[in-house]
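The values are calculated or read from the model by the stated rules, or taken from the named source; none is laboratory data. Just so it is clear, the model here is predicted, and its values are computed rather than measured. Neighbour counts run over all protein chains shown; Cβ positions are idealised from the backbone, glycine included. Areas reflect the complete protein model, heavy atoms only, side chains present, ligands, DNA and RNA absent. Shrake-Rupley method; radii C 1.70, N 1.55, O 1.52, S 1.80 Å.
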Amino acid sequence: MKMKLLLTLAFLFIAAPGAFAQAADGAPKMKVAIIDSAVFRDEVLELKAKYEKLQAEFAPKARDLESMQNSIANKQKVAQENKTLTAQQAQKLSDEIEQLKKEYNRSLQDSQDLAGKREQAETDDVVEKIMKSLGQYCAKKGITYVFDARRLQDTGVVVYAAPTSNITKDFISEYNKANPVQTAANPTK
């Protein structure tokens, strides 16, 4: 626990020496905020629309993969439960299962690769826009540093952050107002 606190303090002093020096000279003090970027996907309306589009695009492939998984599971169940199979039949079934697994893994990898490329193509412009807006938001609010809550939580670096330092909801609200999205549920005027 003490080590994490020391690492946090060391990080802040290394990352923000100018901010601490300016504060000692009487200039404005450093203002730190926390944002939870993991919720952007569901709460930033522009990004949410992109992910809904991608989900619809890849739904048929997901169903195909699920069907392949079910087929493999059914064949494995037959192989395990059916003790009356001859050695030749059991080997043939085992070969079929292995072939299906290879096809499934190839299809899964291809789908993941394509989904990653499509995600990047669909969301990069919105993510860039969000980052630009976040910079403008921070400038307007006088925030000098923003840390991503999920990354901090995953690393265990931050020991405590006041709830008032979390700007996620306020930023998303301002972003969504400035960037309305037309959907069936949310038609823009």
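Within the stretch 71-136, the proportion of Cα pairs with more than 17 Å between them is 62 percent. Remark: the stretch 121-135, residue by residue, has Karplus-estimated 3J(HN,Hα) of 4, 7, 10, 4, 5, 5, 4, 4, 5, 5, 5, 5, 5, 5, x Hz, where x stands for each Gly or Pro and the curve is 6.51 cos²θ - 1.76 cosθ + 1.60 at θ = phi - 60°.
About its Cα centre, the stretch 109-189 has a charge dipole of approximately 480 debye under the convention of +1 per Lys or Arg Cβ and -1 per Asp or Glu Cβ, with nothing else charged. Taking amide hydrogens as placed 1.01 Å from N in the peptide plane, the amide H of Asn166 sits under 5 Å from those of Ile34, each at least 5 positions away in sequence or on another chain.
On the accessible surface of the stretch 63-189, probed at 1.4 Å, how many percent belong to carbon and sulfur atoms? Provide the component values of the computation, followed by the final result.
Details: 4570 of 9140 Å².
After summing per-atom areas, the C and S share lands at 50 percent.
With a Förster radius of 35 Å applied to the C-beta separation of Phe58 and Lys29, the computed FRET efficiency comes to 0.15.
Proximity of backbone amide H atoms, modeled 1.01 Å from N, is registered between Val146 and Ala33 at under 5 Å, excluding neighbours fewer than 5 places apart on the same chain. Full extension of the chain between Ala115 and Thr86 yields a length gain of 6.2 nm, computed as 0.36 nm times the residue separation minus the alpha carbon distance.
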